[in-house]
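Asker: Have a look at the structure that comes next, please.
The values are calculated or read from the model by the stated rules, or taken from the named source; none is laboratory data. Not measured: the values here are computed from a predicted model. Heads up: the accessible areas ignore ligands, DNA and RNA and are worked out on the full protein's heavy atoms, side chains in. Shrake-Rupley method; radii C 1.70, N 1.55, O 1.52, S 1.80 Å.
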Amino acid sequence: MNHRNTTDVSEFLLQGFPSPPEVQRLLFPLLLSIYLLTLLGNVTIILLIRSDMQLLQTPMYFLLSHLALADIGFTSTTIPKALDNLLSQKKTISYRGCLAQMYFFISFGNSDSFLLASMAYDRYVAICCPLHYSAMMSRKHCLLLAMVSWTVPIILASLYTILMSRIEFCDPEEIPDFFCDVFPMLSVCCSDTSIIELIVMTEGVMEMVTPFALIIISYAFIFYTVIKIPSAVGKRKAFSTCGSHICVVVLFYGSISWVYFKPDSKNPSFQETVATVMYTVVTPMLNPFLYTLRNSEMKAALKRLMNQ
């Protein structure tokens with residue numbers, strides 16, 4: 001097998017979406033519509049929260065504005081290039097562009113995960129420790145949660161990018177996905193990747209499992225507290241504040257588990273591509289609608305903004 005050092009690699013081929021030509025023609029308008037809806041929905045959420053001091057002072061909405069920002073970055077990392085390649089005969093991405101895409105994808109994706117965990121912690125404090133809520137979710141603590149949710153993923157993404165920049169790739173450098181991610185890139189490596197794979201499997205699992213475990217623990221305490229509420233109205237009210245967040249968590253982590261926690265994750269199947277599209281494209285689009293259509297405070301803030 002021919003191979004060359006990474007310093008000689010100028011670009012990669014992207015396999016794109018494994019679908020028939022007639023489906024490919026429908027993908028561009030579909031992806032473009034989803035992307036525009038994602039931008040519109042998440043920008044609206046940020047504007048609503050930032051323009052309404054009542055919402056901005058609430059920890060849940062403060063964290064939601066950061067989640068919306070992470071979703072904008074997350075989708076903007078992959079969809080524009082995927083749209084460009086759907087129109088192009090030669091589906092390529094430059095070597096530096098590929099590493100940059102992988103870096104931002106990992107960074108924004110992990111920020112999403114950490115912010116979802118922070119929001120679950122907020123719901124836990126609100127329902128299980130209401131008397132201490134103002135102290136435990138003070139402005140300082142909210143800023144700390146947001147800072148950790150952005151800083152830790154940046155450090156981890158930098159580590160992966162540095163490691164991937166030091167390995168050799170084979171000819172042809174066709175990445176079996178529609179964007180540059182760690183496992184698809186490892187599938188076209190010619191040099192020994194055992195150390196990188198070990199780091200990805202340990203650090204990668206930890207960075208996804210840890211926030212998810214915190215979410216599960218938070219909701220276990222929430223459920224235990226809610227079932228002790230004597231009135232059905234009280235139970236319904238408590239659960240209603242968590243409904244949107246639970247929907248987002250199930251969509252996000254369900255599709256991620258299907259893609260990454262499988263032995264053959266280096267070579268994505270059609271089902272895995274669909275799951276990848278779910279958490280990289282569909283979930284960020286649905287988040288704003290789940291949080292606004294199911295939330296009376298957000299709908300009231302939207303009405304106030306429209307009246308202005």
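Asker: Running a GNM on the chain with Cα contacts under 10 Å, which residue among Gln54, Gln89, Gln15 ends up with the highest mean-square fluctuation?
Answerer: The residue that fluctuates most here is Gln89.
Asker: Round to the nearest 10 and report in Å² the accessible area of Ile227, as given by a 1.4 Å probe over the protein chains' heavy atoms.
Answerer: Roll a 1.4 Å probe over it and Ile227 shows about 90 Å².
Asker: Still on this structure: In square angstrom, rounded to the nearest 10, how much accessible surface does Cys242 have for a 1.4 Å probe?
Answerer: About 0 Å², rounded to the nearest 10.
Asker: Largest first, how would Met164, Met285, Met206 line up by accessible area (1.4 Å probe)? Intermediate values should be presented prior to the final figure.
Answerer: Working: Met164 0, Met285 30, Met206 110 Å².
Solvent-accessible surface, decreasing: Met206, Met285, Met164.
Asker: With every protein chain in place, what's the accessible area of Leu36 (1.4 Å probe, Å², nearest 10)?
Answerer: Approximately 100 Å² for this residue.
Asker: Provide the per residue accessible area, probe 1.4 Å, for the chain, rounded to a whole number of square angstrom. Before the final figure, lay out each step's value.
Answerer: Values: 15100 Å² over 308 residues.
With all protein chains present, the chain gives 49 Å² per residue.
Asker: Something else: What length, rounded to one decimal in nm, is gained on full extension from Met306 through to Ile195, with 0.36 nm per residue of separation minus their alpha-carbon distance?
Answerer: Details: separation 111, 0.36 × 111 = 39.96 nm, distance 5.42 nm.
In short, 34.5 nm is gained.
Asker: Could you tell me which helices of the chain pass both thresholds, a Cα extent of 24 Å or more along their own axis and a mean Kyte-Doolittle hydropathy of at least 1.0, with helices taken as whole DSSP H runs?
Answerer: Values: long enough: 21-51 (45 Å, 1.41); 59-87 (42 Å, 0.77); 95-128 (49 Å, 0.58); 139-164 (38 Å, 1.39); 205-226 (31 Å, 1.83); 243-260 (26 Å, 1.39).
Sorted by number, the helices that extend far enough and score high enough are 21-51, 139-164, 205-226, 243-260.
Asker: Largest first, what is the accessible-area ranking of Glu207, Glu174 with a 1.4 Å probe?
Answerer: Putting Glu207, Glu174 in descending order of accessible area: Glu174, Glu207.
Asker: Out of the total accessible area of the chain (probe 1.4 Å, heavy atoms of protein only), what percent is carbon and sulfur? All intermediate terms of the calculation are to be shown ahead of the outcome.
Answerer: On the way: 10250 of 15100 Å².
So the carbon and sulfur contribution to the accessible surface is 68 percent.
Asker: By DSSP, what percent of the beta bridges with both residues in the chain are antiparallel, rounded to the nearest 5? All intermediate terms of the calculation are to be shown ahead of the outcome.
Answerer: Values: 6 of 8 bridges.
In the chain, DSSP labels about 75 percent of beta bridges as antiparallel.
Asker: While we're here: Whenever you get a sec, line up His245, His66, His141, His132 from highest to lowest accessible area (probe 1.4 Å, protein heavy atoms). Intermediate values should be presented prior to the final figure.
Answerer: Working: His245 5, His66 30, His141 75, His132 110 Å².
Ranking His245, His66, His141, His132 by accessible area, largest first, yields His132, His141, His66, His245.
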